[in-house]
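Asker: The structure follows.
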Amino acid sequence: MVTLEKGGAGMNIWISILVMMIIGGFIGMMTNFIAIRMLFRPYKAIFIGKWRLPFTPGLIPKRRDELAQKIGQVVTEHLLTGDMIQKKIAR
């Protein structure tokens, strides 16, 4: 049984939990930072001699044209439907 005496084992447990939360938060922050950087950067492929460095360019710059087409398709199919435009004009 854990006692919550001043300076006892109970206080050490709370300090351990707090330290684990801080370390876990830091690891999560760094993981998100690296993931976002890999999505958007670098903008152009990096070559060493004639070999392209893996994961360059980032995923979004690499597929910019495909992404633009898909966004346009979603807008025309779901946001700007013919019925919606007719309703707006009728108002």
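The values are calculated or read from the model by the stated rules, or taken from the named source; none is laboratory data. Remember, it's a predicted structure, so these values are computed and weren't measured experimentally. Note that each Cβ is placed from the backbone with ideal geometry, even for glycine, and that neighbours are counted across all protein chains shown.
Asker: Being among the hydrophobic types (A, V, I, L, M, F, W, C), surrounded by 11 or more Cβ atoms within 10 Å (Cβ to Cβ) and modelled with pLDDT of 80 or more is the filter here, so list the residues in the range 51-73 that pass it. Quick ask: steps written out before the conclusion?
Answerer: Of the residues in the range 51-73, the ones among the hydrophobic types (A, V, I, L, M, F, W, C) are 51, 53, 55, 59-60, 67-68, 71.
Next cut, surrounded by 11 or more Cβ atoms within 10 Å (Cβ to Cβ) only: 53, 55, 59-60, 67.
Across the range 51-73, the qualifying residues are 60, 67.
Asker: Over 19 Å from the mean Cα position of the chain (by Cα) and basic (Lys, Arg), is that true of residue 62?
Answerer: Numbers: over 19 Å from the mean Cα position of the chain (by Cα): no; basic (Lys, Arg): yes.
Judged against the criteria, residue 62 is not a match.
Asker: Looking at (1) loosely packed, with under 10 Cβ neighbours inside 10 Å; (2) β-branched (Val, Ile, Thr); (3) in contact with a Leu (Cβ under 7 Å, 6 or more places away or on another chain), which is the one condition that is false for residue 48?
Answerer: Failed condition: (3).
Asker: Out of the residues in the range 9-45 meeting the condition of being among the hydroxyl-bearing types (Ser, Thr, Tyr) and within 27 Å of residue 67 (Cβ to Cβ), tell me which one is surrounded by the fewest Cβ atoms within 10 Å (Cβ to Cβ). Before you say what the answer is, go through the steps one by one.
Answerer: Going through the range 9-45, the residues among the hydroxyl-bearing types (Ser, Thr, Tyr) turn out to be 16, 31, 43.
From what's left, within 27 Å of residue 67 (Cβ to Cβ): 31, 43.
Details: 31: 10, 43: 12.
Per the stated criteria, the residue is 31.
Asker: So, in the range 43-91, exactly how many residues are β-branched (Val, Ile, Thr) and not in a helix (DSSP H, G or I)?
Answerer: Pass one, the range 43-91, residues β-branched (Val, Ile, Thr): 46, 48, 56, 60, 71, 74-76, 81, 85, 89.
If we keep only those that are not in a helix (DSSP H, G or I) as well, we get 46, 48, 56, 81.
So the answer is 4.
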